[in-house]
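Working notes, structure below.
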Amino acid sequence: MRCALWQKGLSLLLPLLLCSAPGAHALAQGGTPPDTSIAAGIAAGEADADMERRNLLNALHINLGFTTFRMGGGLLVDYIGYDQDSASREQFPSLASQGKLRDARILFGGKFNTKRNFTWQIGVMYDAAQKNWLFRQTGIMVAVPEIWSHFFIGRAKEGFSLNKVMVGYDGWSMERLPFTDATIPLLADGIKWLGLTPDRHWFWNLGLFTDWLSEGQTFSSYNNQFVVRAGWVPLVSDSVGTLLHLAMNFRAGDVNNDSLLLRSKPEAFPAPYFISTGTFPAQNGMTLGPEVYFRPGRVLLGGEYYWEKTHSELGTNWFHGGEAVVTWNTTGEVRSYNTVGNYFRGMTPRNTVIAGGSGGFETVLKVSYSNLTNGTIQGGTLWRVTPMLNWYMSDNLRLEFAYGYGVLKRFGLLGRTQFYQARMQLEM
C-alpha cells in the first residue's frame, strides 16, 4: 500500500513600517500590476515568496551576480478574551484572556542568473506552540514555459486548498478553517508540478511527498502522499474587474505508524484544541472537495468544503467540514490574484496612514463548520461565525479585530463560547 500510494502519485522604525514599498505605491497610483504571466512565473516558495512589495529597505534586495538575494520576515502577536456559558466552562474550565506570540519567520530567496527562470528560497519559522525553530518552505523552483509549467523540489505546502496555499499573513481571517488545519499537514517534502494553460485558464498542482527528511516533525503524519489540485478560472483578472475561480482537490496518503490524530483550535491560536479525535487506527487517508471563489471587484465571496476518509483493519471513518466567506473592501481596494499560482495575495491599501490616508479597511464575515465525529470516534463538531475588521495601515502593518461565536458539541455537552480577538501583523 505504501508503494502504491507513493506511485500514485516594532518611534524610528514605525514610519518604515507604515510606508508602502515602491511596487505598492505604483498600484495605489494606478500603476502596472505585478506581472503574473507564465514568463514571469512564480518563485520558489510560491505564496510565501510573494514579498517584493513588502520590502522595507532596498538593502534587503541585492544582486550577488550569480543570484539575487532578498530577505523578508514577519511577526504576528495575538490577544484573546473569552465569554463561556456553563457547558463551555465544563468542556474547557481554564480559558483565560491572554496575549501570545503567534508566529515569527525569516525568509531568504532569490533568482539564479540563468536564462531559464530558476529561483530558490529558505524559510525559517519559530513555532510558538512547540517553542522551537523549523524550516518552512525551502527549496528550488524551475520554470518550463514550453509546457506552461513550474517544478518545485523541497519542503512546501502540499498545494491542497486555496486557503491553505495562501500565505497566512495574506488571508482575510486570522486563522484558516479548522477542518483543513486538522486534516492537512502544514508542510511536506517532495516535488510539485504546477501548470497553467494561459489561453484556456486551466491550472493544476500535482505533488508527491515523502517523510524521509521530516520524520519526527510535528507536521509529519504521513509516510507519503499524492496531491492534486486542479481548476478553471474562466473569468480572470489580476487586480481589477471580475474573477471566478473553480477548483477540485484530492489527496491520498499512507499514514505514519498506522495511527492518526486529527485536531484543531477554534480559529484562535492561544486557545486549546476544541476538536480532537485522539489517536486512532488508520492505515491510509483520502481527502477531497471543491473550492469556489467569485470576486466582482472589491467584494470577494466563496468557500471550500472537504471530506476525509480514513481506513484501517478496524473500519472506515468519514469526517467533513469547510467554510463560507464574504469580504468587502470598504475603501475601494481589490484583492489581487496570482494567475499562475492560483491564490489570492494580501491587500495593498490605496492610501497608507504614513502618507496621511486612512489605510485600507476590509470587513469580513465567515462561517466555518468541522465534524470530527464518526462512529466510535467522538472528536466533536464545531460551528463558528466570525465577523471581523482588517485595517491595512500599509503593506507592512495590519491590525485585525474579530468577534467569534462558537458552538461545540463534545464530551456529551453543547457549549457556546464567544471569542474577542485582536492581532498585530508586521511584515518586511
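The values are calculated or read from the model by the stated rules, or taken from the named source; none is laboratory data. If you're wondering where the values come from, they're calculated on a predicted model, not measured in any experiment. Because the Cβ atoms are built from the backbone with ideal geometry, glycine has one as well, and the counts that use them run over all protein chains shown.
Within region 247-256, can one find any residue that is modelled with pLDDT of 95 or more, over 26 Å from Thr386 (Cβ atoms) and of a type in the set (Asp, Glu)? Yes, the conditions are met somewhere in region 247-256.
In region 239-266, the residues that are within 18 Å of Asp211 (Cβ to Cβ) form Cβ pairs under 6 Å with partners that are hydrophobic (A, V, I, L, M, F, W, C) and modelled with pLDDT of 95 or more, at six or more places apart or across chains, as follows: Arg251/Phe160; Arg251/Val227; Ala252/Phe226; Ala252/Met286; Val255/Ala282; Leu260/Ala282; Leu262/Ala182; Leu262/Leu372. Of Thr327, Thr352, all but one fail to be under 19 Å from Gly168 (Cα atoms) and either in contact with a His (Cβ under 9 Å, 6 or more places away or on another chain) or not in a loop (DSSP other than H, G, I, E, B) (or both); the exception is Thr327. When the residues of region 375-428 are filtered to those that are of a type in the set (Asp, Glu) and part of a strand (DSSP E or B), the one that is nearest to Gly346 (Cα to Cα) is Glu427. Close Cβ contacts (under 6 Å, 6 or more residues apart or on different chains) running from residues in region 354-366 that are among the small types (Gly, Ala, Ser) to residues that are surrounded by fewer than 20 Cβ atoms within 10 Å (Cβ to Cβ) and part of a strand (DSSP E or B) comprise Gly359/Trp391.
Among all positions in region 149-162, there is at least one residue which is within 29 Å of Val299 (Cα to Cα), of a type in the set (S, T, N, Q) and crowded, with 24+ Cβ neighbours inside 10 Å.
Restricting region 72-86 to residues that are buried (at least 18 other Cβ atoms within 10 Å of the Cβ) and among the aliphatic types (A, V, I, L, M), the residue that is nearest to Asp395 (Cα to Cα) is Leu76.
Going through region 209-251 one residue at a time, which ones are outside any strand (DSSP E or B) and either surrounded by 15 or more Cβ atoms within 10 Å (Cβ to Cβ) or within 19 Å of the chain's Cα centre (by Cα) (or both)? Matches in region 209-251: Asp211, Ser214, Gln217, Thr218, Phe219, Ser220, Ser221, Val236, Ser237, Asp238, Ser239. For region 170-180, the count of residues that are among the hydroxyl-bearing types (Ser, Thr, Tyr), under 29 Å from Ile80 (Cα atoms) and not in a loop (DSSP other than H, G, I, E, B) is nonzero. Scan region 260-299 residue by residue and report those that are within 30 Å of Gly81 (Cα to Cα), of a type in the set (D, E, K, R) and crowded, with 22+ Cβ neighbours inside 10 Å. Listed by number, the list holds a single entry, Glu267.
One line per residue, one yes/no per condition, for (1) in contact with a Lys or Arg (Cβ under 9 Å, 6 or more places away or on another chain); (2) at positive phi; (3) not in a loop (DSSP other than H, G, I, E, B):
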| site | (1), (2), (3) |
| --- | --- |
| Ile62 | yes, no, yes |
| Gly65 | no, yes, no |
| Phe69 | no, no, yes |
| Leu75 | yes, no, yes |
| Asp78 | yes, no, yes |
| Tyr82 | no, no, yes |
| Glu90 | no, no, yes |
| Lys100 | no, no, yes |
| Asp103 | no, no, yes |
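If only residues of region 171-224 that are touching a Phe, Trp or Tyr at 6+ places or on another chain (Cβ under 6 Å) and under 30 Å from Leu397 (Cβ atoms) are counted, the one that is modelled with the lowest pLDDT is Leu186.
Inclusion of Gly302 among residues that are on the phi > 0 side of the Ramachandran plot and either in a loop (DSSP other than H, G, I, E, B) or surrounded by 17 or more Cβ atoms within 10 Å (Cβ to Cβ) (or both) is warranted.
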